[in-house]
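Engineer: Handing you a structure now.
The values are calculated or read from the model by the stated rules, or taken from the named source; none is laboratory data. Values in this document were obtained by computation on a predicted structure and should not be read as measured data. So basically every Cβ, Gly included, is an ideal-geometry build from the backbone, and we count neighbours across all protein chains shown. To get the accessible areas, we keep the full protein, side chains included, count just its heavy atoms, and leave off ligands, DNA and RNA. Shrake-Rupley method; radii C 1.70, N 1.55, O 1.52, S 1.80 Å.
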Amino acid sequence: MKKEKNSKKIVILLVGLLTFGLSCSDEFLEIAPTGSLADAQVSTAEGLDGLLIGTYSMINGYLDGNRGSTPNAWLMGSILGGDANKGTDPGDGAILATFQRFQADATLSEINALWKARYEGVNRANVVLKTVTKNIDNLTSQKATSLRAEARMLRGHFYFDLKKNFNNIVVFDETVPQDSIALIPNNGDAWAQIEADFQFAYDNLPELTDAGRVNKWAAASYMGKAKLYQKKYGEAKDWFDDVIANGKSWNGTKYDLLDDYAKVFNAAFDNHEEAIMDVESSNNTGTVNNANWFDDLNYPYLTGSEGPGDCCGFFQPSFELANSFRTTTDGLPLLDKSYRNPENSVKSDMGIASTEPFTPDAGPLDPRIDFSIGRRDIPYLGWKPHPGQAWIRVQNYGGPYSPKKFVYYADQEGTLTDASSWTRGYATMNYPIIRYADVLLMAAEAEVEAGSLEQARTYVNLVRERAANSQFWIKDEDGTDAANYVIEEYPVSEFATKELANRAIRFERKLELSGEGHRFFDLVRWGVAAEEINEYLKYEAKFLPAAYTGGNFTAGKDEYRAIPQTQIDLQPGVLTQNPGY
């Protein structure tokens, strides 16, 4: 079985890490002193590998189970960006609804959980680096460099996530004395630290490694992303050029798009050639926190034995997202936003009971809609056609759609899931932090800024070409397409100017990467968050007033989350609150 521990896959275990002297507390900068037993255990190469695995374990974000720290950013990236809403009913996880309306304040535990979990990752990386230095005589030069490169790559990842969420963050490396860290204000040059970490990782990581470990091409991809976020487009282009020409997966396979879009989200195909850096998941480890703990709520509601998870109806795709998959008869998206017009809206079963007849939408749709969204009468991952309202907790609050991308298949129940906890909804497919389609679309952005509009079009069309492979479209039992799928590559006219090209690339990211935690951060870095999100809030409130009425995005404030009040109280006079909070 794919998820069992073996020598070719790094298995991330969250149990037993205290053996290595790591702990977390309400004060994120505090690390418990390492005792003499722990010192002995981590003085060898094997012990340091264990310490490094403890750092890898924080990629999955689990610290205290709070949804604010999930690695796939389904709350902070997808819901805030308009891919989905909280879902379920008004009372279940009610505090999450304040995020989707941009009413969350600095006191909420979700914000503190995100801050704590990412700094726990930073701390663990720093402990590895300090321990390598302390025990340098026990290590070969190659081993010491390898450990340092992996630790710095992971630290760069944690700092990147902190930067994009909070902007004003505390920055420190392993050379800063422990008793000085709590005195550092949150105005450090995070980008300089992030770039230095990724550069060191790129220079020193190997191409070939075990599945689940980072390699030099993951570092190159992440460096390109960091440059793009800073609008250093020329430098970003150089990094992406290198990755596209030379990048290889952990086993030496050249990066490429999978032929079948669905395989990206199928645990049976994990560690594939499209995965650049991901969150590894495992089952049968003694704790479901090594599986996709972060998605255990994000299943159709009360499916029983006829569907996956059986709980809890969260993370319901939005009307905005569903309607964005509408195409013209020529197979192109409605880039002018006319997908919001009533005549272009995707027909749904809103207000129609599962016992009542329903005929699905017959108009042209991008085929990725039915890999991304569960909707009435469309086959659902080998279980049965989605029955509609019967799998929705409160339709007039969360809408008619269910999540689909990171839900397990019917034939994976009990093998590629972990059913040892309160719900069956612990799947074990890896979550991609960066995948090759993401790189191609980021590279397209950089090409536009360089004036290479045709190269940008080429990259985007590679992504659309994969989606257009009708062999892998969702099929009904009789083998016919489940819907009227129509998709074509962009013609030259849609990339005739920089403005048109950017419009197409940004919409392609919306479609290709929906529900993967990118949308909100994309809108912020493009400088269009206030306009786009307020339009979205107004639009979605027409269908779901109880969920969205009163929502408003405030420019200059809501681009970033509040610095947790808990942390400000722990470090009075040191940490400064973000503007507007």
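Engineer: Under the rule of at least 5 residues apart or a separate chain, name every residue whose amide H is placed under 5 Å from the amide H of Thr327.
Structural biologist: Leu365, Asp366
Engineer: Among Pro403, Pro579, Tyr255, whose Cα lies farthest out toward the positive end of the dipole of the chain, if unit charges sit on the beta carbon of Lys, Arg (+1) and Asp, Glu (-1)?
Structural biologist: Pro579
Engineer: I would also like to ask the following. As a test of the formula, what do you get for the chain when each DSSP H run with n ≥ 4 contributes -39,500 (n - 2.57) and the sum is divided by the residue count, at 222 nm and rounded to the nearest 500 deg cm²/dmol? Intermediate results must be reported in sequence, preceding the final value.
Structural biologist: Values: 19 runs with 216 residues, N = 581.
Value at 222 nm, helices only: -11500 deg cm²/dmol.
Engineer: Could you work out the relative contact order of segment 477-558, using alpha carbon pairs under 8 angstrom and six or more residues apart, expressed as a whole percent?
Structural biologist: 15
Engineer: On to the next question. Within the accessible area of the chain, what % is carbon and sulfur when the probe is 1.4 Å and the other protein chains stay in place?
Structural biologist: On the way: 10170 of 20080 Å².
The C+S portion of the solvent-accessible surface of the chain is 51 percent.
Engineer: Report the relative contact order of the chain, percent, no decimals, based on alpha-carbon pairs under 8 angstrom and at least 6 residues apart. List each step's numbers first, then the result.
Structural biologist: Values: 1128 pairs, mean separation 112.6, N = 581.
Dividing the mean separation by the residue count of the chain yields 19 percent.
Engineer: Still on this model: State the Cα centre-to-centre distance between segment 441-517 and segment 338-353 in whole Å.
Structural biologist: 23
Engineer: How long is segment 475-581 along each principal axis, judged by its Cα atoms, biggest number first, in Å?
Structural biologist: 64, 39, 26
Engineer: What's the long-distance tail for segment 237-309, i.e. % of Cα pairs beyond 17 Å?
Structural biologist: Working: 1621 of 2628 pairs.
Tail of the P(r) past 17 Å holds 62 percent of the pairs.
Engineer: From the square roots a ≥ b ≥ c of the eigenvalues of the alpha-carbon gyration tensor of segment 26-182, which class results: rounded (a/c under 1.5), prolate (a/b over b/c), or oblate?
Structural biologist: On the way: a/c = 2.56, a/b = 2.36, b/c = 1.08.
It is prolate, given that a/c is not under 1.5 and a/b is the larger ratio.
Engineer: Now for a different question. From the list [x] 71, 51, 50; [y] 81, 62, 43; [z] 88, 63, 51, can you say which value of Cα extents along the principal axes in Å was derived from the structure given?
Structural biologist: Structure-derived value, by its label: [x].
Engineer: Let me ask you something else. Quick one: which residues, 5+ away or cross-chain, put their amide H under 5 Å from the amide H of Asn85? H built at 1.01 Å from N.
Structural biologist: Placed amide hydrogens put Gln316, Ser318 under 5 Å from Asn85.
Engineer: How much length is gained on full extension from Lys557 to Asp481, taking 0.36 nm per residue of separation minus their Cα-Cα distance? Don't jump to the answer; show the numbers that get you there.
Structural biologist: Numbers: separation 76, 0.36 × 76 = 27.36 nm, distance 4.51 nm.
Separation in residues times 0.36 nm, less the Cα-Cα distance, equals 22.8 nm.
Engineer: Can you tell me the dipole magnitude for segment 64-187 around its Cα centre, using point charges on the Cβ only (Lys, Arg +1; Asp, Glu -1), in Debye to the nearest 20?
Structural biologist: Numbers: 14 positive and 13 negative charges, 78 e Å.
My answer is approximately 380 debye.
Engineer: If you don't mind, another one. Report the extension gain between Ala541 and Glu306 in nm, rounded to one decimal, defined as 0.36 nm multiplied by the number of residues separating them, less their alpha carbon distance.
Structural biologist: Details: separation 235, 0.36 × 235 = 84.60 nm, distance 3.19 nm.
Working it through step by step, the gained length comes to 81.4 nm.
Engineer: Across 10 Å bins from 0, what is the distribution of all Cα-Cα pair distances for segment 371-450, in whole percents?
Structural biologist: With a bin width of 10 Å, the distribution comes to 15, 32, 30, 16, 6, 0.
Engineer: Using a ≥ b ≥ c from the Cα gyration tensor of segment 398-488 (square roots of the eigenvalues), is it rounded, prolate or oblate, where a/c under 1.5 gives rounded and otherwise the larger of a/b and b/c decides, a/b for prolate? Let's see the in-between values first.
Structural biologist: Details: a/c = 2.82, a/b = 1.62, b/c = 1.74.
Verdict is oblate for segment 398-488.
Engineer: So, one more: Explain nothing, just compute: Karplus ³J(HN,Hα) = 6.51 cos²θ - 1.76 cosθ + 1.60, θ = phi - 60°, for every residue of segment 361-376 in order, whole Hz, x for Gly and Pro.
Structural biologist: 4, 10, x, x, 9, 5, x, 5, 4, 8, 9, 10, 10, x, 9, 3
Engineer: Go through Asn292, Tyr339, Val279 and say which Cα lies farthest out towards the positive end of the charge dipole of segment 271-363; charges sit on Cβ, +1 for Lys and Arg, -1 for Asp and Glu.
Structural biologist: Checked the options; the winner is Tyr339.
Engineer: Round to the nearest 0.05 the FRET efficiency obtained for Tyr233 and Asn396 when R0 = 60 Å and r is the Cβ-Cβ distance. Walk me through the intermediate numbers first.
Structural biologist: Values: r = 45 Å, r/R0 = 0.74.
FRET efficiency, Tyr233 to Asn396: 0.85.
Engineer: To the nearest 20 Debye, how big is the dipole of the chain about its Cα centre, given +1 on the beta carbon of each Lys and Arg and -1 on that of each Asp and Glu? Before the final figure, lay out the partial values.
Structural biologist: Values: 57 positive and 80 negative charges, 107 e Å.
Dipole about the Cα centre, nearest 20: 520 debye.
Engineer: Can you tell me the accessible area per residue over the chain, all protein chains present, probe 1.4 angstrom, in square angstrom?
Structural biologist: Details: 20080 Å² over 581 residues.
Value returned for the chain: 35 Å² of accessible area per residue.
Engineer: Over the Cα atoms of segment 311-443, what Rg and Dmax result, in angstrom?
Structural biologist: Every Cα atom of segment 311-443 included, Rg and Dmax give 16.3, 48 Å.
Engineer: While we're looking at this one, here's another question. Dipole of the chain (Lys/Arg Cβ +1, Asp/Glu Cβ -1, origin at the Cα centre): which of Ser470, Val528, Val439 lies farthest to the positive side?
Structural biologist: Of the candidates, Val528 comes out farthest on the positive side.
Engineer: Moving on to the next point. In segment 123-268, what is the volume of the convex hull around the alpha carbon atoms, normalised per residue and reported in Å³? Mind showing how you got there, number by number?
Structural biologist: Numbers: hull volume 19.9 nm³, N = 146.
That works out to 137 Å³ per residue.
Engineer: Compute the relative contact order of segment 200-239 as a whole-number percentage, counting only Cα pairs closer than 8 Å that sit 6 or more residues apart in sequence. Walk me through the intermediate numbers first.
Structural biologist: Values: 34 pairs, mean separation 12.0, N = 40.
It rounds to 30 percent for segment 200-239.
Engineer: Could I ask something else about it? Between 0 and 90 degrees, rounded to the nearest ten: what's the tilt of helix 453-467 against the longest Cα principal axis of the chain?
Structural biologist: Helix 453-467 and the main axis of the chain meet at about 70 degrees.
Engineer: What is the packing order of peptides 512-519, 141-148, 258-265, 453-460, taking the mean over residues of other C-beta atoms within 10 Å and listing the highest first? Mind dumping the intermediate values first?
Structural biologist: Values: 512-519: 24.6, 141-148: 16.5, 258-265: 18.1, 453-460: 20.8.
Output ranking for 512-519, 141-148, 258-265, 453-460: 512-519, 453-460, 258-265, 141-148.
Engineer: If you don't mind, another one. Search the structure for amide H atoms under 5 Å from the amide H of Tyr380, placed 1.01 Å from N in the peptide plane, and list their residues when 5 or more places away or on another chain.
Structural biologist: His386
Engineer: Sticking with this one: Each residue of segment 302-319 in turn: what ³J(HN,Hα) in whole Hz from Karplus with 6.51, -1.76, 1.60 and θ = phi - 60°, glycine and Pro shown as x?
Structural biologist: Here the 3J(HN,Hα) series is 6, 7, x, 6, 8, x, x, x, 6, 5, 9, x, 7, 6, 8, x, 7, 4 Hz.
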